[in-house]
Structure formats: structure tokens, C-alpha cells
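Novice: Questions regarding the structure given below will be posed in turn.
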Amino acid sequence: MKYLTPQIIAGITGGKYIGGEDSRCVRVMGAVRDNRDVKPGNLFVCICGARVDGHSFVNSAFESGAACCLVEQKIQDATGPLVLVESTLEAIKALGAYYRNLFKIPVIGITGSVGKTTAKELIAAVLGAKLRVLKTPMNLNNELGVPLTLLSLCESHEAAVIEMGISSFGEMGRLAGMVRPDIFVMTKIGYSHIDELGDLNGVLRAKSEAIAHMDQSGAVLVNGDDDLLWGYDPGIRKITFGFSTRNDYRSENVLLKGVDAVICDVVSGSERITVMIPAYGSHLASLAPAAVAVGRLLGLRAEDISRGISSYVPVGGRSNVKHTGFITLIDDCYNANPHSVKAALTSLSALPGKHVAIIGDMFGLGENSDELHSEIGAFAAQCGINSFVCCGSKMAFAYDSYKSAGGGPAFYYPDKSNLITALPGLIEKGDNVLVKASHAMQFEEVTQLLM
């Protein structure tokens, strides 16, 4: 059985063990940063957050069964063993890297400016048809979430699917140094974190830092419909996916069954696999080939792959469809960038009935922000959106371009409070209503009111 002990943890992290001799070798399995999530045997990692200091909950963690606590400061009245380190974040990353190296299972790393969480869920669903799979919970894809996920590996796992999100140079290299992916999937190079990464080439350069941490026998899967990724040479085996016939794996005959499902054929060479994804959104058909490709690389049969995809369930806040009895609400308010907003508008426009798009500001787009917001308005008009509702300072550009492009009724509100006041008068019975904005806009309040 693979496990850690306080003594091993101290050795890996360069920390100091504090506790009785009888606790040095107690088994530690799994790690959490929230004392409310502690299960017997866990390592509780004390993080000093902006609002909460985990050190305040050490004894609460022990009461819940924590085997050890990782701390940056001495806890005078601690009721269990501690490992004292300079930085709990750096220590947990060292532990994650060490623990991942104990496992010889295939590890799939997933990144991209848009679609990485959906790709993670689709790939995990496919592999789950035959294998016991560990996947990143929700979107814990940063330098804390990734090692916590890796530390939840157990001997029964036969594959791991790890989401990897970044916002700056060097971050992917640190994540990949822990994950060491055997298969690396890049879904899209888009306008995310441009403030830090400069331009699309910078985004690609930052995300491709992972390749240095892969074995030459590994494979890189990229969206071949993305021109930057199509032209990218990772230096190891490259497999392309998407809609274009130039891709190694491609979707054909895409059929949207309203808000309930997407059906398509995934074609590779002479093989054709028909899949049904029980969720809303045309973007799913662009990612299905990546899931099929990973399944094939790991030896799954066509029938297993098809069955696995049919078990897909979207993660909260991403294209969740809610029938309120008055409207059909597409809750996609978790986050937004130009690619994901255009994909959401495309899917909305394919639904029968009236289309209402409530779109908020997109953040992190750098000096091209005004232009990129303007493109959204023109695209909404092109899609035939029936009612375009804009909220936020930057969405004023989208409002203007929508009107200039000959779009239908449009409404502009400078902030969310104005939108919420007007909201009841913007919606009619039977409408299909999309809600999408960057996470910082906190549009959950809008979807809750609509519900």
C-alpha cells in the first residue's frame, strides 16, 4: 500500500517533525486544505488565505481524524503530530510530485484557454467505462489543487486525468513537474490571461512548458482547428482533433437534440464511432474526438468508448440547463472568454424558439479587450440572437457592434444592479436564456434570480 508518514513528509519537504515518537510512522493518506473535508488518516494542509488562516483549525482537523498537519508556524496546544515547513504551498507541491512518482499508471494532463474542464470530464467518462479513474475534482487545477488531487491517488486507480490551469509563465512547468503527463491535451489557444502572457503566441509558449516534463514515448493531443496548435511542433508524437478533415480524429454529422444531447460520429482513418453526449452545447462535439483518441491510445474498444461518453455529466456552472417551468435557462456563468462566448451563442442559436443572451464583461483580455468585446456583439447579430442583453463597462462595445450589425432588440446596463432591476421585463415565457460572463462578474446572482 502506498502511503506517507509524518517522518517521510518531513524528509521530503525539509520540514521539522513535532510530535511523539509513536506518531512518526502513522499512515497518512490523502490531503485536504479545508478542515471540514478531513477524513480519518488525512494530512491537513494549513494555508494562510486572504480571509482565513488554516492554522486556526489544526485541532478541529485532529478531532475529525487527521493523521498529521502541515504547518508554517508552531501550534502550542496541538493535539496531534505536525510537520513544520517554511511554506506549506511549496511543501504540498513537493509531496504531490513525490507521491505521483510512486504510481506507474497512465496520467493525462489537460490544459487550454477554453474547454479544459469539459475535456477532463469527457476523457474521464470514456476511461471510466473500463478503468478506475482519478480525475481533478471540480476545477482544482492550480498549484495547490493539483498536488492535493495527486495525493488522493490510491493503488486501485488505473488512470488519472488531471486538469492544469495557468495564468503566468513558469506555472505550467511547475504543474507538469508534479503531474508528468504521459498524454497531454491542449484544447484551444485563446485570449485568456493575455495581461500576463502578452499574446496568443505567449499563451501557447506558457502552456507548452509541460512538454519538457514528458517522456519521449508520450503523446500530445491538440485541437487541429486552432491554427497555432496545428502548426505547433511539440517534439514528440502529435495527434490532432477537431472538426476539420485534416485532423487525425474529427467529428462529423453533428446533431443537436435540443438541450438534451449532442450526437456525432468521431472518425479516424477507416473507423467511425457514433457517440451520444447527454448534455447541451455544440462545443461538446469538438472535444469528443479528444476523448475518443485518449481512449484508443489506452486500448479501449469502440463500444467501451461510446458507452463511456454517454455517461458524461457537466460540471456545475458550465452549460447547465435548467427548466424553470417558465423559461429554459442555460447557466454558463462560471467564466467567459471570446471563444467560449461565441461557442455559447452558437449553441443558443441552434435551439428552437426565442434566444435571449445575457452577457457580462470578459476579463483578462489585455489591450485588445475593446475589440474582442466588439466582436462578440457582431457575432451575436450574425447568429440571429433575438434579444441581446449586455452588462458591464466593456460590454458597451458589444452592444454598439450588435446594433451596427443589424441585430434585434438590445439592452445595455453598466452594472449588475441595473441589470437585476430590469431583468423581469426582459424575459418572456418560453424564452431560451443564456447567462455568461467572467467569474468575477458573479453572475450567479442573475441565474438565481431567473430561477
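Novice: Leu221: assigned to a strand (DSSP E or B) and not hydroxyl-bearing (Ser, Thr, Tyr), yes or no?
Specialist: yes
Novice: If you go through the stretch 8-41 one residue at a time, how many are within 19 Å of Lys74 (Cβ to Cβ) and in a helix (DSSP H, G or I)?
Specialist: Of the residues in the stretch 8-41, 6 are within 19 Å of Lys74 (Cβ to Cβ) and in a helix (DSSP H, G or I).
Novice: Evaluate the following for Ile183: is it more than 30 Å from His373 (Cβ to Cβ), in contact (Cβ under 8 Å) with a residue 60 or more places away in the chain and assigned by TED's automatic domain parsing to the domain that holds Leu297?
Specialist: Answer is yes for this residue.
Novice: Tell me whether the stretch 135-145 contains one or more residues that are hydrophobic (A, V, I, L, M, F, W, C) and in contact with a His (Cβ under 8 Å, 6 or more places away or on another chain).
Specialist: The answer is no; no qualifying residue exists.
Novice: May I ask you to list the residues in the stretch 42-94 that are within 17 Å of Pro6 (Cβ to Cβ), assigned to a helix (DSSP H, G or I) and basic (Lys, Arg)?
Specialist: none
Novice: Criterion first (modelled with pLDDT under 90 and either under 22 Å from Met451 (Cα atoms) or of a type in the set (D, E, K, R) (or both)) does Gly325 satisfy it? Before you say what the answer is, go through the steps one by one.
Specialist: On the way: modelled with pLDDT under 90: no; either under 22 Å from Met451 (Cα atoms) or of a type in the set (D, E, K, R) (or both): yes.
Spelling it out, it is not the case that Gly325 is modelled with pLDDT under 90 and either under 22 Å from Met451 (Cα atoms) or of a type in the set (D, E, K, R) (or both).
Novice: So if I check each of Ala437, Ala343, which one is in contact (Cβ under 8 Å) with a residue 24 or more places away in the chain, crowded, with 23+ Cβ neighbours inside 10 Å and outside the structural domain of Leu255 (by TED's automatic domain parsing)?
Specialist: Matching residue, one of Ala437, Ala343: Ala437.
Novice: Would you call Asn223 surrounded by 23 or more Cβ atoms within 10 Å (Cβ to Cβ) and touching a Ser or Thr at 6+ places or on another chain (Cβ under 6 Å)?
Specialist: Criteria met by Asn223.
Novice: Considering every residue within the stretch 387-410, establish whether at least one is closer than 19 Å to Asp332 by Cα, exposed (fewer than 14 other Cβ atoms within 10 Å of the Cβ) and either of a type in the set (Val, Ile, Thr) or touching a residue at least 12 places away in the same chain (Cβ under 8 Å) (or both).
Specialist: no
Novice: Something else about it: I'm checking my understanding of the structure. Among residues of the stretch 258-295 that are hydroxyl-bearing (Ser, Thr, Tyr) and in contact with a Ser or Thr (Cβ under 6 Å, 6 or more places away or on another chain), which one is nearest to Asn247 (Cα to Cα)?
Specialist: Among those that are hydroxyl-bearing (Ser, Thr, Tyr) and in contact with a Ser or Thr (Cβ under 6 Å, 6 or more places away or on another chain), it is Ser282.
The values are calculated or read from the model by the stated rules, or taken from the named source; none is laboratory data. Everything quoted here is computed from the prediction, not taken from an experiment. Reconstructed Cβ throughout: ideal geometry from the backbone, glycine too, with neighbour counts over all protein chains shown.
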